[in-house]
Amino acid sequence: MIQTSNLTKIFEDKKRGKITAVDNITFSCKAGEVFGLLGLNGAGKTTTLRLLATSLKPTSGTASVSGFDIVKEPQRVKEKIGFLTGDTGLYARLTAEETITYFARLYGLHNSDLEKRKTEIIKLLDMEDFKKGQVDKLSLGQKQKVSIARTVIHNPPVLILDEPTARLDVISARNIVEFIKEAKRAGKCIIFSTHIMHEAAKLCDVIAIIHKGKILEAGTLPQFQEKYKIQELDDIFVKIVEEKR
């Protein structure tokens, strides 16, 4: 459902000149699969996801999402994705439920369809206790659940999740991980960026290690373990980065 081919993004900086944030990356992700992008801060994870979500245009190369080209058909791509970024895009004065309703209407849901989907999401994310709470009064974990609800209210086939558990406590992070597992069981195609190795090991069917804009290596965790004779993903990550940087 996601296919990239030599995807590249170069930024122009007055002081540093050309900066290649994403450097000729090629990968694919299928329905019912979690594809993990692992990398340090500044490795190119977020830029890659923004390209796929059509927030940025590639300098060269291309990608398709659900068969739609990210450059030629950006609106069709947006209809097929749920994009969770570090910027939650939440309105402080709305309640959690009002926020979900607002974004549902933006996606064209109305009346009984809206109410049915909203009820499903609130139950799935265990939001009943705070659905009437004003956003600026919610905890960080609760706000992240509202952000995820906003992201998936239109039931998109593709989820693009940029470090969804960053800065969350253990319980909140666990809840988000369980939600991603449920989305996978529902057949969603999921791109998941993180630098939290144990989450990647638990969630990802395929892991791509990205460093300085390049995908150094991609494969399953068992494939990495067999190749490098190392069991822990964080040790594998460090070895690959040190060997290939």
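Worth a mention:
- Within the set Gly82, Gly36, the sole residue that is in contact with a His (Cβ under 8 Å, 6 or more places away or on another chain) and either part of a strand (DSSP E or B) or among the basic types (Lys, Arg) (or both) turns out to be Gly82.
- Among the candidates Leu56, Leu90, Leu94, Leu52, residue that is more than 18 Å from Gly141 (Cα to Cα), touching a residue at least 40 places away in the same chain (Cβ under 8 Å), in contact with a helix residue (DSSP H, G or I) (Cβ under 7 Å, 6 or more places away or on another chain) and not β-branched (Val, Ile, Thr): Leu56
- Looking only at region 59-70, and only at residues there that are free of Cβ contacts under 8 Å to residues at least 24 places away in the same chain and surrounded by 15 or more Cβ atoms within 10 Å (Cβ to Cβ), the one that is nearest to Glu12 (Cα to Cα): Ile70
- Among the residues of region 105-141, those identified as in contact (Cβ under 8 Å) with a residue 40 or more places away in the chain, under 29 Å from Thr54 (Cβ atoms) and not in a loop (DSSP other than H, G, I, E, B) are Leu124, Val135.
- Annotation: of all residues in region 165-194 being free of Cβ contacts under 8 Å to residues at least 40 places away in the same chain and closer than 21 Å to Thr47 by Cβ, the one that is surrounded by the fewest Cβ atoms within 10 Å (Cβ to Cβ) is Arg167.
- Residue check for Ile215: modelled with pLDDT of 95 or more and either at negative phi or touching a Pro at 6+ places or on another chain (Cβ under 9 Å) (or both): yes
- Screening region 21-42 for residues that are surrounded by 20 or more Cβ atoms within 10 Å (Cβ to Cβ) and within 15 Å of the chain's Cα centre (by Cα) and picking the one that is modelled with the lowest pLDDT gives Gly39.
- Restricting region 195-212 to residues that are within 19 Å of Gly86 (Cα to Cα) and of a type outside the set (A, V, I, L, M), the residue that is surrounded by the fewest Cβ atoms within 10 Å (Cβ to Cβ): His195
The values are calculated or read from the model by the stated rules, or taken from the named source; none is laboratory data. Computed from a predicted model, the values in this text were never measured in an experiment. We place every Cβ from the backbone using ideal geometry, glycine too, and count neighbours over all the protein chains shown.
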